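Comments concern the structure below.
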Amino acid sequence: MTEKIHDQRVVVVTGASTGIGRATALLLDELGFHVFAGIRKSEDGDPLGELSSERLEPLLLDVTDEEMVTAAVTRVKAVAPKGLYGLVNNAGLSLNGPLELVDVTAMRQLLDVNVLGVLSVTKAFLPLLRQGRGRIVNVSSGHGLLAIPDKSAYAASKFAVQAISDSLRVELLPFGVQVSSVVVGKVETEVLGKIEASRQKLLASAPPEKVNLYRPLLEYFDADVKDLPSIPAKQAAAVLARALTDTRPKRRYLVGPGARKMSILSHFPAGMRDQMLAKAIYGRVPRA
Ligand SMILES: NC(=O)c1ccc[n+]([C@@H]2O[C@H](COP(=O)([O-])OP(=O)(O)OC[C@H]3O[C@@H](n4cnc5c(N)ncnc54)[C@H](OP(=O)(O)O)[C@@H]3O)[C@@H](O)[C@H]2O)c1
């Protein structure tokens, strides 16, 4: 087996059971990479296997589980004697809602997956990435460029992803390891249903008087998320593949109209942005 894939480019994609990660793993497989598709439940490997070539290998990888991360590195090392060509840090959770209503345990879990997961998986694969002069591609969000209400925890996690990308890009220059972030707007994936379900859970579990305090904000963002233009997961996957294959990868790729809009707004002066957001949400700028 080792001989067979000796000259192939080996990539690891975290969070490949659904959504952008699955689309990316399948596209990279089509492009001829030897793909390790990160999944948390072994049964998620079967549907991937049905849609891919025999090269694609499901890899048990919960990014918050140190032992699993170590075992994943050992497995990849065994079939990639020349090192790793690419690591796509895609696994991620979403969490919306006014801070006062959001569960602290859910926030810890979000930061564990979206931030510590990226750091620990990247750290563990770095020796193989250095050896292969490979690439790291981090999946970020428009909320990693512009922090808006209702998204404090999620925005914190994706700003952190931007920070990790910026920091490592220069840190790893001497080793020829290139780092890109892919800033994603709204993409049609399973996450949209998960966001809706967690919103319902939040509304059901929070005290009604607190929900009422935040009613205008909740209504604004519920309508907003439905109205936002979205793109299919395959389109996001194509940009992730470009980040891995462009001769000179960009520091940052923007995917979809939502990401471009957030990027433009992030350059506005903070005071102007605050006023625009407040007017959009409350119809006026509330007095402090
Ligand atoms: N879709 C969007 O509109 C959008 C917008 C901006 C950014 N993004 C980002 O894009 C990435 C992918 O999102 P998606 O839309 O494709 O969502 P998704 O369909 O919900 O996929 C999330 C993936 O992450 C995995 N995951 C969750 N916790 C994990 C853990 N502890 N260890 C390993 N894997 C874990 C999930 O695995 P399980 O199936 O086992 O839970 C799943 O494979 C995320 O980083 C997200 O923040 C998405």
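Quick note: the coordinates plus some simple rules give every number you see, no bench work behind them. Source: prediction; values computed, not measured. We place every Cβ from the backbone using ideal geometry, glycine too, and count neighbours over all the protein chains shown.
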Item to check | Phi-based couplings in Hz for the stretch 199-215 (Karplus 6.51, -1.76, 1.60; Gly and Pro marked x) | outcome: 5, 4, 5, 4, 5, 6, 9, 7, x, x, 5, 6, 4, 4, 4, 9, 3
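Sorting check: for 116-122, 8-14, 101-107, 271-277, which peptide has the highest mean count of neighbouring beta carbons within 10 Å, and how do the rest follow?
Working: 116-122: 20.6, 8-14: 26.4, 101-107: 15.0, 271-277: 12.9.
Highest-to-lowest ranking by the protection proxy: 8-14, 116-122, 101-107, 271-277.
Shape verdict for the stretch 182-288, please, from the Cα gyration tensor: rounded (a/c under 1.5), prolate (a/b greater than b/c) or oblate. Spell out each step's value before the answer.
Details: a/c = 3.17, a/b = 1.53, b/c = 2.08.
In terms of gyration-tensor shape, oblate.
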Checklist outcome for this item: In terms of the charge dipole of the chain, which places +1 on Lys and Arg and -1 on Asp and Glu at the beta carbon, the residue among GLY86, VAL179, ILE195 farthest towards the positive end is VAL179
Checklist entry - With +1 on each Lys and Arg Cβ and -1 on each Asp and Glu Cβ, how big is the dipole of the stretch 77-188 about its Cα centre, in debye rounded to the nearest 20? => result 640
Checklist outcome for this item: Under the rule rounded for a/c under 1.5, else prolate if a/b exceeds b/c, else oblate, using alpha carbon gyration tensor axes a ≥ b ≥ c, the stretch 126-172 is classed as prolate
Checklist entry - So how far apart, in nm, are the two label points at GLU190 and ALA280 if each is 7 Å from Cα heading toward Cβ? => result 3.0
Checklist entry - If you look at just the Cα atoms of the chain, how large are its Rg and its Dmax in Å? => result 19.7, 69
Next on the checklist: How large are Rg and Dmax for the stretch 1-95 when calculated on the C-alpha trace, in angstrom?
Outcome noted: 12.4, 44
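Using Cα pairs under 8 angstrom and six or more residues apart, how large is the relative contact order of the stretch 10-282, in percent?
Working: 482 pairs, mean separation 53.7, N = 273.
Computed value for the stretch 10-282: 20 percent relative contact order.
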Checklist entry - For the peptides 129-140, 68-79, what is the packing order when you average, over each peptide's residues, the other Cβ atoms within 10 Å and list the highest mean first? => result 129-140, 68-79
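Between ALA71 and ARG251, what length comes free when the chain is fully extended (0.36 nm per residue of separation minus the Cα-Cα distance, one decimal in nm)? The partial results should precede the final answer.
Values: separation 180, 0.36 × 180 = 64.80 nm, distance 3.01 nm.
Contour length minus the Cα-Cα distance gives 61.8 nm.
Computed FRET efficiency, Cβ-Cβ of GLN235 and GLN8, R0 30 Å: what is it to the nearest 0.05? Present the calculation step by step, with values, prior to reporting the outcome.
Details: r = 26 Å, r/R0 = 0.86.
Efficiency, rounded to the nearest 0.05: 0.70.
Give the Kirkwood hydrodynamic radius (Å, one decimal) of the stretch 219-260, defined as one over the mean of 1/r across all pairs of different Cα atoms. Mind dumping the intermediate values first?
Numbers: mean 1/r = 0.0836 Å⁻¹.
About 12.0 Å for the stretch 219-260.
Determine the shape class of the stretch 92-242: with a ≥ b ≥ c the square roots of the Cα gyration tensor eigenvalues, call it rounded for a/c under 1.5, and otherwise prolate if a/b is greater than b/c, oblate otherwise. Numbers along the way, then the final one.
Values: a/c = 2.72, a/b = 1.93, b/c = 1.41.
Verdict is prolate for the stretch 92-242.
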Checklist entry - For LYS250, which lysines qualify as cross-link partners when the Cα separation must be under 25 Å and same-chain residues fewer than eight apart are set aside? => result LYS82, LYS123, LYS158, LYS186, LYS234, LYS261
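List the relative contact order of the stretch 27-96 as a percent without decimals, with contacts defined as Cα pairs under 8 Å and 6+ residues apart.
Details: 57 pairs, mean separation 17.5, N = 70.
About 25 percent, as a whole number.
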